[in-house]
């Protein structure tokens, strides 16, 4: 019964379609269908369309039934069966891809009536199940590569690029799954990607001649969700813009020999053809200053070092500025920024109180007296804890019984000598007193350069090397005395001699210390006092004190030097520290 009714209905439909054709009604598309079958290599799809009326098979062709992927026409064949036309592709279609099918107005029914308008629809193919993990097919730089230039920006920048075997899930390619390390330290940067590549670009230029390691972790997945089977790493050695790693003279150096050449050493070999007078130049003063003067000279280049030799020696006591710009390495990298440094040459003579001078005074040769931190004529006493380091304590012509307070005072790395000791100790201290007398007289009579007559109070002054004289007493009370080796002498051999016509007194505490700067050393400071000397409480004193009579060292005072008294006593208080200059 069901079969008969279906037959009657089918006859009725056919009759209706025939009637539409006979009545000249334009045909229409009533339904579409895609028969899809996924295989290992693609999609086996046939795209069909059903019309409202019987169609003229000669008008149903690949010219009127067109299938495209984007703008590309898909090759295939068209067949007609009843009211249905079917497009069969010549090759498998791509998975997960949208195709567009069109029936044009060139399609006609059996009475010659065309479609009123093109009929267009879309077909999306199914995805093929993918269970294969992606792999890395190419790394740039390659593993083991050397001389790789990695920069954040610029025409020569070279990021790390990884190519995969298939399209990847872009959301899994981040700085967490694509890293670059210098040793164990992460390098800051950003990650971008296309379908099958990922790019790591460092945030800044990398260090030259350094091994870096890029890693893609198993957190990276392909478009089907398959993770990389294992971490992938690639290591390479970088190069980058050359940098200046050292200069001679150093930046801001003072007291520089004006006759010496100037050198700059780079992080890598330099292209010497890029070293010109405009790439490496020296000026007297600051380049932006109105008084800056270019310095003529010759430039030589070898390996990593550039040397500038002035045509004539540089001026004394003058500041110079050196600039390096535009220099390239052998690898073609250009120095990233201009490199600029300054230095100051030494002065030719020893100024004396700012008034110039014929030369610097010579050291006073203490001979055997130089081995004593304390040397007295008639007595040595101490009332509290004190220490003398790396020097001896001696008395002559006084006897050992005139040395008191040892202990609690200690002599560290030294001995105590007295005139009444059995030879040779007694002879040693006696000779030291004779040598002290000689040194005292040399200091007292020093006249080259001409001594500068100075007021009684040295407090608050800054003095370069020279001879300074007071015809009466000398004080250190209204501030610290600063001895500056950078004024004229400019080195550790600068000498100061103070000739005191009567007594010397420092008040100590916050206003009577001796300070040394710019190369000045306590071993080159000599005080010749015609009577007695008092080092006030808490004074930080520098130099060798040579007094005709006695010396008193106040509580808490420290001495980098010596306390040497020819005829009188040396008296320590408590907490006195005397160290070898």
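Before moving on, here are some points about what is shown:
- Region 19-124: C-alpha gyration tensor shape, a/c 1.5 cut-off, then a/b vs b/c: prolate
- Residue-span extension gain [residue 114 to residue 293] - 0.36 nm each, minus C-alpha spacing: 55.1 nm
- Region 372-431 and region 187-203 have Cα centres separated by 77 Å.
- Calculated mean residue ellipticity at 222 nm for the chain: -2500 deg cm²/dmol, from DSSP H runs with n ≥ 4 weighted as -39500 (n - 2.57), summed, divided by the residue count and rounded to 500.
- Relative contact order (percent, whole number), the chain, Cα cutoff 8 Å, 6+ residue spacing: 8 percent
- Solvent-free Debye calculation, one equal scatterer per alpha-carbon of the chain: log10 I(q)/I(0) at 0.09, 0.13 Å⁻¹ equals -0.90, -1.15.
- Placing a pseudo-label 7 Å from each Cα along the Cα-to-Cβ vector at residue 315 and residue 91 gives an inter-label distance of 8.2 nm.
- Additional length obtainable on full extension of the chain from residue 169 to residue 338, 0.36 nm per residue less Cα span: 56.5 nm
- Taking a point 7 Å from the Cα of residue 146 along the Cα-to-Cβ direction, the residues of region 176-208 with backbone N closer than 19 Å to it are 183, 207-208.
- Size of region 446-581 as Cα extents on the principal axes (Å, biggest first): 38, 27, 26
- Under the Debye formula (equal points on every Cα, no solvent term), log10 I(q)/I(0) of region 136-239 at q = 0.12, 0.13, 0.16, 0.21 Å⁻¹: -0.35, -0.42, -0.63, -1.06
- Modelled spin-label separation between residue 271 and residue 473, with each label point placed 7 Å from Cα along the Cα-to-Cβ direction: 7.5 nm.
- Model label zone, residue 215; criterion: amide N under 20 Å from point 7 Å along Cα-to-beta-carbon; scope region 233-250: 233-238
- The peptide list 132-145, 69-82, put in order of mean Cβ contacts within 10 Å with the highest first, becomes 132-145, 69-82.
- Here residue 263 and residue 207 are evaluated by their C-beta separation; at R0 = 22 Å the FRET efficiency comes out at 0.45.
- Segment residue 29-residue 44, extension gain: residue separation times 0.36 nm, minus the distance between their alpha carbons: 3.0 nm
- Peptide packing: for 462-468, 262-268, 27-33, the average count of neighbouring Cβ atoms within 10 Å per residue gives the ranking 462-468, 262-268, 27-33, highest mean first.
- Estimated FRET transfer efficiency when R0 is 56 angstrom, pair residue 250-residue 73 (beta carbons, to 0.05): 0.15
- Cα-projected label distance for residue 184 with residue 131, points at 7 Å along beta-carbon direction, nm: 4.1 nm
- Rounded to 10°, Cα long-axis angle of helix 425-445 versus longest principal axis of the chain: 80 degrees
Coordinate-derived values only; no laboratory data. Remember, predicted model here, so these are calculated numbers, not experimental data. Backbone-built Cβ (ideal geometry, glycine too); neighbour counts: all protein chains shown.
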